[in-house]
Amino acid sequence: MGKNCNRCQAEITWKTPYTKGDTPLNPDGTKHICQKQSQSQQITTNFESVKWDILQPEEYTDDMKELVLGLKTMRSLAYQDAKDVHPDMVENSNTFGQIVNAGISHLINLAKVKAMKTRSK
């Protein structure tokens, strides 16, 4: 029962009967160890670059300006809260960034609740 290795595409076989944890074998019965892939065997992926539409500041409406100001405010508040709660954490770590992003989301949700309460009065 010959197959090709998923990593190096070399021909491999398996012990029969197969039991979980068995390693693949070369056709001659020796333990298979992946060989370094040649350039022709490497899988390449072409990623298309994302093109962002960029508005010039003079194209902003008053509503857009208010939204950007609100986002900057929420980002600043979330950053400061994260620093207050985790003063020794490295600011450019992934964990700190996740905490700040979660804080931004929570603050935006709190702002929505406040807006609904204000609107209902």
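The values are calculated or read from the model by the stated rules, or taken from the named source; none is laboratory data. Computed from a predicted model, the values in this text were never measured in an experiment. Note that we place each Cβ from the backbone using ideal geometry, even for glycine, and neighbour counts take in every protein chain shown.
The condition of being free of Cβ contacts under 8 Å to residues at least 60 places away in the same chain, assigned to a helix (DSSP H, G or I), surrounded by fewer than 10 Cβ atoms within 10 Å (Cβ to Cβ) and not β-branched (V, I, T) holds for only one of D84, D53, that being D84. Yes or no: the range 93-109 includes at least one residue that is exposed (fewer than 10 other Cβ atoms within 10 Å of the Cβ) and of a type outside the set (A, V, I, L, M). Within the range 93-109, one or more residues are exposed (fewer than 10 other Cβ atoms within 10 Å of the Cβ) and of a type outside the set (A, V, I, L, M). Screening E66 on (1) farther than 26 Å from I54 by Cβ; (2) part of a helix (DSSP H, G or I); (3) among the charged types (D, E, K, R) shows it passes everything except condition (1). Taken over the range 66-89, the criterion of being modelled with pLDDT of 95 or more and β-branched (V, I, T) is satisfied by T73, V85.
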